[in-house]
Amino acid sequence: MLTQLMRWMYEKNLPNRATLILEFQDGVTAFIEWAKSQHAYMDDEKIRCPCRKFKNEVFKILDEVNFDLYMKDFMSEYCNWTSHGEERLQEYFDAVTAPHLHDEQTPPPSAEEGTSTHWCDAAEMNWRRG
């Protein structure tokens, strides 16, 4: 299940239409802006292309990545942008649950209490945190 926050990555067209939804266009723009701000994850002026064809294995200039995302879509299950500077979710969860490790009266949050370990759900929390 995708969170509402990341759903734009995989639902770019209106139902039964070839028209791109504005949320997808804005999301791709925001992704490119984020990626180009993460200099440690760039190769000169290039970033990894997270489209279905290249799957973060090829560095490309920003305009080419933008084009590929429109034409080839995002690779599947790329809700946590670790190849573009986002923190790994396991590290995030370790940091979030660490205060609970020594407090016997306050158990760590569980999926039943609204904190899911599903990585797309966690990506939403990571995104909001940043």
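Every number here is computed from the coordinates shown, using simple stated rules; none is lab data. Fair warning: this is a prediction, and the values are worked out from it, not measured in the lab. Here the Cβ positions follow ideal geometry from the backbone for every residue, glycine too, while neighbour counts run over all protein chains shown.
Taking a straight line from the alpha carbon of residue 46, these lysines sit under 16 Å away, with near neighbours fewer than eight places off in the same chain left out: 36, 55, 60.
Projected label points at residue 29 and residue 10, each 7 Å from Cα along the beta carbon direction, are separated by 2.5 nanometres. Two numbers describe the Cα atoms of segment 16-84: Rg and Dmax, which are 11.7, 40 Å.
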